[in-house]
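See structure below.
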Amino acid sequence: MIIEMRTYKIKPDQRAEFLMIFESKSLPEHQKIGMKILGPFLSVEDADTFFWMRTFPDLKSREAMRDQFYEGKLWKEDLEQKLMPMIERYDVVLVDARNGLGEWR
C-alpha cells in the first residue's frame, strides 16, 4: 500500500474555511474514487497548518486515482478555484507501507 502524507500551510486565518470545503466536498470525492483518507489532523503548534493522508493500493493506482480526481468536474469547475488560492504551500511525501520483510502490514 502506498501512503501519501500531505502537509498544508494555509494562508493566515483561512484554515477553518479551507477545512470546511475540504471535508464537505473534497474528501467525499476522494472516497468515491476509492482513496482511503486519514485526517485531517490539525497542528497544535501552527493554527494555519494541517496534515492528512490518502492511501492507494500501489503506484499505478495512485496515478489513475489522482488523475480521476484532478481531471474531474468537481476539481476543475469548483475546488481548484476555491482551495488553491488559500494554500500558502504544501508538501507531499510518499511512503510504501510494507515492513522490512516485504510483507504488507
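Read-outs: derived from the displayed coordinates by stated rules, not from any lab. All of these numbers come straight from a predicted model, not from anything done at the bench. FYI the Cβ positions are ideal-geometry reconstructions off the backbone, even for glycines, and counts take in every protein chain you see.
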statement: Expressed as a whole-number percentage, the relative contact order of segment 2-96 with C-alpha contacts under 8 angstrom and at least six residues apart is 50 percent
- prompt: Which residues' amide hydrogens lie under 5 Å from the amide hydrogen of T49, considering only partners 5 or more residues apart or on another chain, with H built in the peptide plane?
  reply: I10, S43
Nearby lysines by direct alpha-carbon distance to K36 (threshold 24 angstrom, same-chain neighbours under 8 apart not counted): K9, K25, K60, K73, K76, K82
- request: Towards the positive end of the charge dipole of segment 15-105, with charges on Cβ (+1 Lys, Arg; -1 Asp, Glu), say which of S24, L83, F51 has the farthest Cα.
  value: S24
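Provide the net charge surrounding T7, with neighbours chosen by a C-beta distance below 14 Å and charges set as Lys +1, Arg +1, Asp -1, Glu -1. List each step's numbers first, then the result.
Working: positive: R6, K9, R15, R54, R89; negative: E4, E45, D46, D48, E88, D91.
Here the charged neighbours net out to -1.
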field: Check: the chain dipole with +1 on Lys, Arg Cβ and -1 on Asp, Glu Cβ, in debye
entry: 260 debye
message: Quick check on segment 1-54: take the gyration tensor over C-alpha atoms, sort the square-rooted eigenvalues as a ≥ b ≥ c, and tell me if it's rounded (a/c under 1.5), prolate or oblate.
response: oblate
